[in-house]
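Each remark here refers to the structure printed beneath this line.
The numbers here are math on the coordinates, done by the rules we state, and not lab data. Source: prediction; values computed, not measured. Reconstructed Cβ throughout: ideal geometry from the backbone, glycine too, with neighbour counts over all protein chains shown.
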Amino acid sequence: MISCRESTRLASLQLERKLSLWERVQFRFHLAFCVGCRRAEKQFAFMRQATSAWMSHKD
Ligand SMILES: [Zn+2]
């Protein structure tokens, strides 16, 4: 199982590029067991949404 640190790294990495299948599996698996990272992931998801909303408003 990956560490919280690694999980956080993947959470921010997925903002930059698509995660590989294996990275996604490790990340999801960690989130299934770790409340702290689940909470952090929600914030990342919000940021992702906000970023893509901002991007789509750009010309
Ligand atoms: Zn964690």
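Give the relative contact order (percent, whole number) for the range 4-57; include only Cα pairs under 8 Å separated by 6+ residues.
38
Counting just the Cα atoms, what span does the chain cover along each of its three principal axes? Round to the nearest Å and put the largest first.
42, 22, 15
Helix 4-16 sits at what angle to the longest principal axis of the chain, using alpha carbons and giving 0 to 90 degrees rounded to 10?
Roughly 30 degrees between the two axes.
Which are the unpartnered cysteines of the chain, meaning those with no other cysteine Cβ under 4.7 Å from their Cβ?
So, 4.
What is the calculated FRET efficiency for residue 33 to residue 57, with r their C-beta to C-beta distance and R₀ = 25 Å, to the nearest 0.05?
0.10
What distance in nm separates the simple spin-label points at residue 42 and residue 2, each placed 7 Å from Cα in the Cβ direction?
Placing both labels 7 Å beyond Cα along the Cβ direction yields 2.1 nm.
Springs between alpha-carbon pairs under 10 angstrom, Gaussian network model over the chain: which of 40, 11, 32 fluctuates most?
Looking only at 40, 11, 32, the biggest GNM fluctuation is shown by 32.
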